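**Student:** Let me give you the structure first, and then I'll get to my questions.
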Amino acid sequence: MSSDLSPSLISRWFNTPLWKRILFALVLGVIVGVIWGEGAQSIRWIGDLFIRAIQMVVVPLVFITIVAGVVSMGDPKRLGSLGIKTLALYMVTTLIAITIGLTLAALIQPGLGVDLSAAVPGTLQEPVSFRDQLMRIVPTNPIAALASGDFLAIIFFAILFGAGIISVGESGKPMADLMDSGAAIMLKLTGWVMEVAPFGVFALIAWVSGTQGVAALMDVIPLAGTATLAFALHFFLVYGGMMKFMLHLSPYKFFRNVKNAVLVAFSTSSSSATLPVTISVAEKNLGIRPVIASTVLPLGATINMDGSAIYVGVVSVFAAQAFGVDLTLVDYFIMAGATTLVSIGTAAVPGASVFLMAGVMATIGLSPVQIALVVGFVLPFDRPLDMMRTCLNVTGDLACATAVAKWENELDETTFNSANEMMDVKTGAGQ
Ligand code: ASP
């Protein structure tokens with residue numbers, strides 16, 4: 001009987017939409033993690049393997065799709081207007097995010113009466129100066145930038161390379177074709193890797209819920225609660241509002257279309273690991289044409305981090321309250337500016353913003369010792385909050401890409417409005 005059962009189980013598995021399989025894995029992962037506890041550490045390697053597989057795709061995908069995207073614009077001048085719109089939107093959404101974070105933290109006052117003296121000081125990363133951030137954009141060796149996954153440098157070189165292909169005209173054609181076919185192949189690989197996602201997600205979530213017990217969260221409920229509320233407000237009001245009032249698109253359909261990327265962001269805590277899925281979701285579910293998806297999204301994964309901005313803002317206000325530092329309106333403005341810069345420099349990997357908040361906290365006069373205590377206090381429960389802020393980081397990129405696509409007439413609204421199922425057996429990975 002079991003021989004009858006297994007083929008039908010397998011086909012049922014593959015016939016179930018990917019997001020349902022991932023969600024199922026997520027719920028199962030929580031249950032197994034809670035029951036198994038620390039033991040769940042032993043299956044973490046399955047999750048790590050999934051993250052490695054998906055990261056394997058990122059660097060070639062980013063380079064090739066940006067080049068292909070720029071070439072398909074056909075006119076380097078268009079790049080300028082697109083770039084300005086994209087950067088402006090990324091900046092504005094980040095500023096709204098940080099404003100929500102700072103306002104809620106000022107109102108709820110999660111740091112009032114919190115005693116941080118028992119925290120084990122965390123180690124800090126030196127904040128990267130703005131000048132150094134600018135320097136890093138121009139690679140001295142593009143191959144080295146590709147090898148070390150230095151995204152801003154890769155993006156910069158890819159844009160120039162694409163513009164070069166257009167400028168040389170006919171002799172650039174073979175390279176343009178090569179990049180086009182490379183982009184299609186990389187997206188296909190992403191589809192294959194995504195078939196492993198449910199197993200990876202299961203292992204990652206079991207590990208997180210098994211090792212980072214709810215107890216760790218208890219100490220920090222006001223802080224975590226404030227951050228979560230700010231995340232939720234930004235997610236639904238800002239992205240939903242952008243869809244409804246700015247773009248006249250259905251917010252419901254937007255959220256429905258992005259769910260695969262959100263689920264992967266949630267379980268991997270890394271916008272850069274999620275990027276291949278983000279690009280697939282944009283093209284196949286949201287109907288954003290490759291010319292926009294492939295240029296706007298890699299940049300977003302690197303510099304646009306609404307969730308991280310909210311978090312850095314909330315923690316900084318929390319720290320000021322805990323240490324009794326009075327904040328003036330000017331302090332809030334300084335924090336908003338500093339957080340926007342920090343979120344640009346934050347790597348799109350798990351836990352990145354925790355180590356980069358030092359720069360923001362220093363602007364309001366906290367000492368290195370105090371900052372180290374705050375980092376030590378938030379670190380133990382960072383993962384669940386990192387999962388949430390990564391969801392926002394990725395959704396923010398997709399919302400901005402949708403807006404730019406609509407403005408540039410590169411949004412296929414029929415695809416946006418229809419219930420596509422990205423990377424299902426029938427439509428993607430299994431083809
Ligand atoms: N994990 C976040 C991301 O990859 C970055 C952070 O806020 O730590 O988007």
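The values are calculated or read from the model by the stated rules, or taken from the named source; none is laboratory data. If you're wondering where the values come from, they're calculated on a predicted model, not measured in any experiment. With ideal geometry, Cβ positions are generated from the backbone for all residues, glycine too; neighbour counts draw on all protein chains shown. These accessible areas exclude ligands, DNA and RNA; they are computed on the full protein's heavy atoms, side chains included. Shrake-Rupley method; radii C 1.70, N 1.55, O 1.52, S 1.80 Å.
**Student:** Output the residue which, of all residues in region 405-423 that are open to solvent by less than 10 Å² (accessible area, probe 1.4 Å) and in a helix (DSSP H, G or I), is nearest to the ligand (Cβ to nearest atom). Working first, answer last.
**Tutor:** First, pick out the residues of region 405-423 that are open to solvent by less than 10 Å² (accessible area, probe 1.4 Å): 405, 416, 422-423.
Filter again for in a helix (DSSP H, G or I), leaving 405, 416.
On the way: ALA405: 22, PHE416: 24 Å.
My answer is ALA405.
**Student:** GLY324 passes all but one of (1) within 24 Å of GLY376 (Cβ to Cβ); (2) in contact with a helix residue (DSSP H, G or I) (Cβ under 9 Å, 6 or more places away or on another chain); (3) not β-branched (Val, Ile, Thr); which number fails?
**Tutor:** Of the numbered conditions (1) within 24 Å of GLY376 (Cβ to Cβ); (2) in contact with a helix residue (DSSP H, G or I) (Cβ under 9 Å, 6 or more places away or on another chain); (3) not β-branched (Val, Ile, Thr), the odd one out for GLY324 is (2).
**Student:** Among the residues of region 41-50, is there at least one that is modelled with pLDDT of 85 or more and exposed (fewer than 13 other Cβ atoms within 10 Å of the Cβ)? Walk me through how you get there before you give the answer.
**Tutor:** At the first step, the residues of region 41-50 found to be modelled with pLDDT of 85 or more are 41-50.
Among the residues that remain, those that are also exposed (fewer than 13 other Cβ atoms within 10 Å of the Cβ) are: 45.
Among the residues of region 41-50, at least one is modelled with pLDDT of 85 or more and exposed (fewer than 13 other Cβ atoms within 10 Å of the Cβ), which makes the answer yes.
**Student:** Confirm whether ALA53 is of a type in the set (A, V, I, L, M), buried (at least 17 other Cβ atoms within 10 Å of the Cβ) and within 20 Å of the chain's Cα centre (by Cα). Explain how you work it out, then say what you get.
**Tutor:** On the way: of a type in the set (A, V, I, L, M): yes; buried (at least 17 other Cβ atoms within 10 Å of the Cβ): yes; within 20 Å of the chain's Cα centre (by Cα): yes.
When the stated conditions are applied, ALA53 passes them.
**Student:** Going by what's in this entry, would SER269 be described as within 12 Å of the ligand (Cβ to nearest atom) and either under 19 Å from THR94 (Cα atoms) or among the small types (Gly, Ala, Ser) (or both)? It would help to see each step written out before you state the result.
**Tutor:** Numbers: within 12 Å of the ligand (Cβ to nearest atom): yes; either under 19 Å from THR94 (Cα atoms) or among the small types (Gly, Ala, Ser) (or both): yes.
In short, yes.
**Student:** Sticking with this one: Taking the stated definitions as given, is GLY69 within 30 Å of ILE166 (Cα to Cα) and either surrounded by 14 or more Cβ atoms within 10 Å (Cβ to Cβ) or without any contact (Cβ under 8 Å) to a residue 60 or more places away in the chain (or both)? Before you say what the answer is, go through the steps one by one.
**Tutor:** On the way: within 30 Å of ILE166 (Cα to Cα): yes; either surrounded by 14 or more Cβ atoms within 10 Å (Cβ to Cβ) or without any contact (Cβ under 8 Å) to a residue 60 or more places away in the chain (or both): yes.
Yes; evaluated as a whole, the condition is true for this residue.
**Student:** Of all residues in region 284-298, which are crowded, with 24+ Cβ neighbours inside 10 Å and either at pLDDT 90 or above or under 11 Å from the mean Cα position of the chain (by Cα) (or both)?
**Tutor:** Filtering region 284-298 for residues crowded, with 24+ Cβ neighbours inside 10 Å gives 285-286, 288, 292-298.
The answer is ASN285, LEU286, ILE288, ILE292, ALA293, VAL296, LEU297, PRO298.
**Student:** A further question follows. Enumerate the pairs (first residue in region 299-315 and within 10 Å of the ligand (Cβ to nearest atom); second residue anywhere and among the basic types (Lys, Arg)) with beta-carbon separation below 9 Å, excluding pairs fewer than 6 apart on the same chain, so at least 6 apart or on different chains.
**Tutor:** MET305/ARG389; ASP306/ARG389; GLY307/ARG389; SER308/ARG389; ALA309/ARG389; ILE310/ARG389; TYR311/ARG389
**Student:** Report yes if some residue within region 116-134 is at pLDDT 90 or above, surrounded by fewer than 20 Cβ atoms within 10 Å (Cβ to Cβ), of a type outside the set (Gly, Ala, Ser) and within 23 Å of GLY300 (Cα to Cα); otherwise report no.
**Tutor:** As a first pass, look at region 116-134 and keep what is at pLDDT 90 or above: none.
No, there is no match, as no residue in region 116-134 is at pLDDT 90 or above, surrounded by fewer than 20 Cβ atoms within 10 Å (Cβ to Cβ), of a type outside the set (Gly, Ala, Ser) and within 23 Å of GLY300 (Cα to Cα).
**Student:** I would also like to ask the following. Every residue in region 363-391 that is within 12 Å of the ligand (Cβ to nearest atom), in contact with a Ser or Thr (Cβ under 8 Å, 6 or more places away or on another chain) and more than 19 Å from ALA206 (Cα to Cα), please.
**Tutor:** Selection gives ARG389 alone.
**Student:** Oh, and also: If you scan region 1-34, which residues turn out to be more than 13 Å from PHE202 (Cβ to Cβ), open to solvent by 80 Å² or more (accessible area, probe 1.4 Å) and touching a residue at least 12 places away in the same chain (Cβ under 8 Å)?
**Tutor:** PHE14, ASN15, VAL34
**Student:** Next question, about the same structure. I'd like to verify a number: residues in region 238-254 that are of a type in the set (Phe, Trp, Tyr) and touching a residue at least 60 places away in the same chain (Cβ under 8 Å), how many?
**Tutor:** Residues in region 238-254 being of a type in the set (Phe, Trp, Tyr) and touching a residue at least 60 places away in the same chain (Cβ under 8 Å): 2 in total.
**Student:** Additional query: With respect to LEU286, determine if the residue is more than 11 Å from the ligand (Cβ to nearest atom), touching a residue at least 24 places away in the same chain (Cβ under 8 Å) and outside any helix (DSSP H, G or I). Give the steps one after another, and end with the answer.
**Tutor:** Working: more than 11 Å from the ligand (Cβ to nearest atom): yes; touching a residue at least 24 places away in the same chain (Cβ under 8 Å): yes; outside any helix (DSSP H, G or I): yes.
It is true that LEU286 is more than 11 Å from the ligand (Cβ to nearest atom), touching a residue at least 24 places away in the same chain (Cβ under 8 Å) and outside any helix (DSSP H, G or I).
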